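Notes to accompany the following structure.
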Amino acid sequence: MKKIFPVIILFLMGVSSQVFSQSQQAKSGTGPKIAFDDESHNFGTIKEGLIAEYTFKFKNTGDQPLILKDVRPSCGCTTPEWSKEPVDPGKTGLIHVKYNSAGRPGKFNKSITITSNIPDETKILFITGSVTPSVDNSVDPNQSPVRIGN
């Protein structure tokens, strides 16, 4: 027990110094910082079946390289592509988002969650709009899809 106690103390000191250094980094203004030109985009009204696209532009306003670790959409109808290389301080990066409206008539509000090397911070972007249903001309509205009788 006497040998384990110093090991536990050293471990706790190491963990607390790491947490302290991250909190000091966040307080002192050092490290990467992300600033977007726009954090949301409204596509307005689009026709069903179209793929709507928008590019979010951001800038690293910090003093260390910014790395986007993950860019995750709220559903499979939205596909993001992003800058995989570190974004140096003062430089810009892009997140290109595609929304597939096929089979999704009506209003939509989707989010894209960004995880980076900024401690304790995630960013959320939004895309919104309305999809007008496509008209299927192959179905005669006067014909019933069910036959009764012969």
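Since every read-out is calculated from the coordinates, none of them should be taken as a lab result. Just so you know, these numbers come straight off a predicted model, no measurement behind them. Cβ placement follows ideal geometry from the backbone for every residue including glycine, while neighbour counts extend to all protein chains displayed.
Quick notes
- For the pair THR79 and ALA35, the difference between a 0.36 nm per residue extended length and the Cα-Cα distance amounts to 13.7 nm.
- Taking HIS96, HIS41 and counting other C-beta atoms within 10 Å, the order from fewest to most: HIS96, HIS41
- Lysine pairs in region 30-132 with Cα atoms under 13 Å, if 8 or more residues apart or on separate chains: 9
- Long-range HN-HN contacts of LYS47 with modeled amide H, under 5 Å: THR132
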